[in-house]
Amino acid sequence: MDFTFTDEQKQLRKSVREFAEGEIAPHVMEWDESSHFPAEILPKLAEMGLMGVIFPEEYGGAGLGYIEYAIVIEELARVDGSVGLFVAAHNSLCSNHIYKFGSEEQKRKYLVPLAQGKKLGAWSLTEPEAGSDAGGTRTTAVRNGHGWTLNGSKTFTTNGTYADICVAMAVTDRSKHSHGISAFILEKGTTGFRPGKKENKLGMRASDTSEVIFSDCHIPAENLLGPEGEGFISSLKILDGGRISIAALGLGMAQGALEAATGYAKQRKQFNQPIADFQAIQFKLADMATQVEAARLLVYQAAWLADQKNVRFTRESSMAKYFAGEVAVYVADECVQIHGGYGFIKDYPAEKYYRDAKLCTIGEGTSEIQKLVIARQLLGKK
């Protein structure tokens, strides 16, 4: 077993960390307070290849794998979970759906500019009445003379307000249930397609989350993504990879919170000594560090499996996502506790890690859904 990163992977981590600390860290609280989506850093992210990490160079990507992708998301989230989140949604949801299931023509037209970072992607599955039960989709797509007409709405769409390209699921044959849901590619500016309400969130406030609305939205026949009726099934496969990115997101925030707590414990003095000298604080830090390292092993095991050919990693990605998400919440909570009263104010990063981390137990399948997925894999159920 080899747990070491290659020199190239170490250099990637160093480059992303330097970028995050230099270009993102100075603005984190400003962006969070104003719920500002930092579109201004998109060109730099694109220049570094971070908007197309897992796609071949022939499609405009960086030609890297899931281990490198996890490194990227971990390092971005260590500084700001919001940036890690919108980069993850762009890569492993929207762009990856087109890469995995799109035609060659669709890849050339849509994936190339997405992977190059010239366009931003969104992925719309969740609806007001279809959350964990994504099979309960109500948005419809009806054939017309020249293609399809979509009607309905989606919620909790990352990048929904700003996306140039959106992959959305809609019912094409309700009688077939989950096999009657299809995937479609929509472009910004299409008549009848628009963003709705931008959500005012607890955390991840610099990552845009909004409704997406379809009102007699006409799209050409060639914008059907993958076989008709297989959109929901393909979405489940896309979520396998997406959960690795959310696991890496949780890992990054947990690492950032651990470092913040450790640094504070060393400099904060009570009773004429740093609080790091007290056993109660040392035990907290030891528990936090152990949990973070355990999460790291699960995340990179899942990422390694995702890079292997013809290997299913549904169970491992769900385990990584479940565990890393819960660890992020735990470590962020302890970070606040170690900071004491200062953990409750915005002069320190502890409260932001605390608010941001919770999403990792909810987005792309709640912790409870992950347990169901893991159990079904263990029991041999589909």
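Side notes on the structure shown:
- Listed by chain and number, the aspartates and glutamates whose alpha-carbon sits under 20 Å from that of K118, ignoring those within fewer than 8 places in the same chain, are E23, E40, E47, E57, E58, E104, E105, D164, E187, D208.
- For T126, the solvent-accessible surface with a 1.4 Å probe is about 40 Å², rounded to the nearest 10.
- For the stretch 64-121, the dipole from Cβ point charges (+1 on Lys and Arg, -1 on Asp and Glu) about the Cα centre works out to 300 debye, to the nearest 20.
- Range of Cα positions in the chain per principal axis (Å), largest first: 79, 45, 39
- For the stretch 178-299, the Kirkwood radius over C-alpha pairs fed into Stokes-Einstein at 4 °C and 1.567 mPa s yields D = 68 µm² per second.
- Applied to the stretch 121-128, the Karplus parametrisation 6.51 cos²θ - 1.76 cosθ + 1.60 on θ = phi - 60° returns per-residue 3J(HN,Hα) values of x, 9, 9, 10, 10, 5, 10, x Hz, with x for Gly and Pro.
- Here's the picture: a label point sits 7 Å out from the Cα of T191 along the beta-carbon direction, and within the stretch 205-229 the residues with their amide nitrogen under 16 Å of it are 214-221.
- Exceeding the 23 Å Cα-Cα cut-off - candidates K109/K188; K201/K346; K198/K352; K198/K371; K201/K284: K198/K371; K201/K284
- For the stretch 248-323, convex hull volume per residue from C-alpha positions, Å³: 71
- Of K154, K352, K269, the one that fluctuates the most in a GNM where the chain has Cα springs shorter than 10 Å: K269
- Whether the stretch 119-204 is rounded, prolate or oblate, judged on the alpha carbon gyration tensor where a/c under 1.5 counts as rounded: oblate
- If R0 is 51 Å, the Cβ-Cβ spacing of I362 and E104 corresponds to a FRET efficiency of close to 0.90.
- Cβ-based net charge around T140, under 14 Å, with every Lys or Arg adding one and every Asp or Glu removing one: 0
- Three-way shape call for the stretch 70-176 based on the alpha-carbon gyration tensor, with the a/c threshold at 1.5: oblate
- For the stretch 284-322 versus the stretch 167-195, the gap between their alpha-carbon centres in whole angstrom: 32
- Unsatisfied cross-links (Cα-Cα over 25 Å) in the set K309/K381; K237/K381; K100/K358: K100/K358
- Per residue solvent-accessible surface (Å²) - the chain, probe of 1.4 Å: 45
- Debye-formula intensities of the stretch 321-382, expressed as log10 I(q)/I(0) at q = 0.22, 0.25 Å⁻¹, are -0.80, -0.92 (one equal scatterer per alpha-carbon, no solvent).
- A helix-only calculation puts the chain at -14500 deg cm²/dmol for mean residue ellipticity at 222 nm, using -39500 (n - 2.57) for each DSSP H run of at least four residues, averaged over all residues.
- Sparse-neighbour loop sites [trypsin sites (Lys or Arg not before Pro); the stretch 173-202; at most 15 other C-beta within 10 Å; DSSP]: K188
- Shape category assigned to the stretch 1-109 from the gyration tensor of Cα positions, a/c cut at 1.5: oblate
- Diagonalising the gyration tensor over the Cα atoms of the stretch 280-364 and scaling each eigenvalue by 5 before taking the square root yields semi-axes of 30, 14, 8 Å, largest first.
- Accessible area per residue was computed with a 1.4 Å probe on protein heavy atoms; D173 scores about 50 Å².
- Protein-only accessible surface at a 1.4 angstrom probe places the residues Y348, Y354, Y342 in the order Y354, Y342, Y348, largest first.
- When each of the peptides 277-289, 246-258, 329-341 is scored by how many other beta carbons lie within 10 Å of its residues on average, the order from highest to lowest is 246-258, 329-341, 277-289.
- Taking only protein heavy atoms and a 1.4 Å probe, the accessible area of the chain is 53% carbon and sulfur.
The values are calculated or read from the model by the stated rules, or taken from the named source; none is laboratory data. Remember, predicted model here, so these are calculated numbers, not experimental data. Because the Cβ atoms are built from the backbone with ideal geometry, glycine has one as well, and the counts that use them run over all protein chains shown. These accessible areas exclude ligands, DNA and RNA; they are computed on the full protein's heavy atoms, side chains included. Shrake-Rupley method; radii C 1.70, N 1.55, O 1.52, S 1.80 Å.
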